Ligand code: NAP
């Protein structure tokens, strides 16, 4: 059977109820806001572990250059290495083609026994568009959805009602202070020659510097990088 996660592949094999968080995102680059989200979701929803799943080819980002998937994956691995409650999965990077969340959740659902409940965690701005995602109704059957927001950001009642009505979705919200930081903010800072130290893990900071990522606002490193 394919390896989903080095740390959590056997989750639920003992038959006891378990909860796995799945952090979906582009992570270009991963930063402390993402890590705080994962930690606070773990705490709030009693998750046994959180799996970061960097999108291989994000479908809604075809209009801009995205850092090669292998590099985003490597930065995620560096960022979570010291936390045994976190891990990274390469499933979306290895699958190739456009990345659809429904495919990932089906793969995870097939891997884990029924006593493992799945929680898909991502930014509220992304969840807001879930009705446009491939097989969005199936997504709601496969996992509980957690939308993380910055302080002051709220999905309007109207939008919530529309989503619930059209797709029988139940979306939990989690406000995370550290989300004032965003990947685009980090990229802009590097392009402007400013520091991102302490906005991401030291290991990621070093990786960005060593590989010369984000120095220009234009296309990132060539496809097929590390
Ligand atoms: P995005 O539009 O880049 O992100 C929207 C907002 O959410 C940004 O502010 C982003 O901040 C934040 N965000 C993204 N991931 C987050 C996370 N895990 N935790 C906290 N905040 C997060 O979204 P995206 O990265 O393209 O997509 C997010 C997820 O939705 C991915 O797993 C993607 O595959 C999935 N998705 C699926 C479909 C589909 O199946 N058709 C379509 C769209 C998205 P940062 O920039 O700082 O991360």
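Only the coordinates and a few stated rules stand behind these numbers; no lab work does. Every value quoted in this text rests on a predicted model; they were computed, and no experiment measured them. Here Cβ is always computed from backbone atoms with ideal geometry, including for glycine, and neighbour counts include all displayed protein chains.
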State whether segment 114-183 is rounded, prolate or oblate according to the following rule on the C-alpha gyration tensor (a ≥ b ≥ c being the square roots of its eigenvalues): a/c under 1.5 gives rounded; otherwise a/b larger than b/c gives prolate, and the remaining case gives oblate.
oblate
What ranking of 177, 101, 26, 149 emerges when the number of other C-beta atoms within 10 Å of each C-beta is taken as an exposure proxy, fewest first?
177, 149, 26, 101
Over all directions, average the projected area of the Cα convex hull of the chain and note it in nm².
12.2
Evaluate E = 1/(1 + (r/R0)^6) for residue 62 and residue 13, where r is the Cβ-Cβ distance and R0 equals 41 Å; express this FRET efficiency to the nearest 0.05.
0.60
Which log10 I(q)/I(0) values, to two decimals, does segment 20-66 give at q = 0.14, 0.18, 0.21 Å⁻¹ under the Debye formula with one point per Cα?
-0.39, -0.59, -0.73
Taking the highest mean first, how do the peptides 201-207, 130-136 order by number of other beta carbon atoms within 10 angstrom per residue?
201-207, 130-136
Please check: in the Gaussian network model of the chain (C-alpha springs, under 10 Å), which one of 193, 123, 33 has the largest mean-square fluctuation.
193
Distances over 17 Å make up what percent of all Cα-Cα pairs in segment 74-115?
47
How would you classify segment 35-105 from its alpha-carbon gyration tensor, with a ≥ b ≥ c the square roots of the eigenvalues: rounded for a/c under 1.5, else prolate if a/b is greater than b/c, otherwise oblate?
prolate
Show that you can apply the helix-only estimate: for the chain, add -39,500 (n - 2.57) for every DSSP H stretch of four or more residues, divide by all residues, and state [θ] at 222 nm to the nearest 500.
-10000 deg cm²/dmol
Simple spin-label estimate for residue 110 and residue 203 in nanometres, 7 Å along Cα-Cβ
3.0
Set the Förster radius R0 to 25 Å, insert the Cβ-Cβ distance between residue 134 and residue 172 as r into 1/(1 + (r/R0)^6), and round the FRET efficiency to 0.05.
0.70
If you take the beta carbon distance between residue 82 and residue 125 as r and set R0 to 41 Å, what does 1/(1 + (r/R0)^6) give as a FRET efficiency, to the nearest 0.05?
0.90
Name the shape class, rounded, prolate or oblate, that the alpha-carbon gyration tensor gives for segment 46-163, where a ≥ b ≥ c are the square roots of its eigenvalues, rounded holds for a/c under 1.5, and otherwise prolate holds if a/b is larger than b/c and oblate otherwise.
rounded
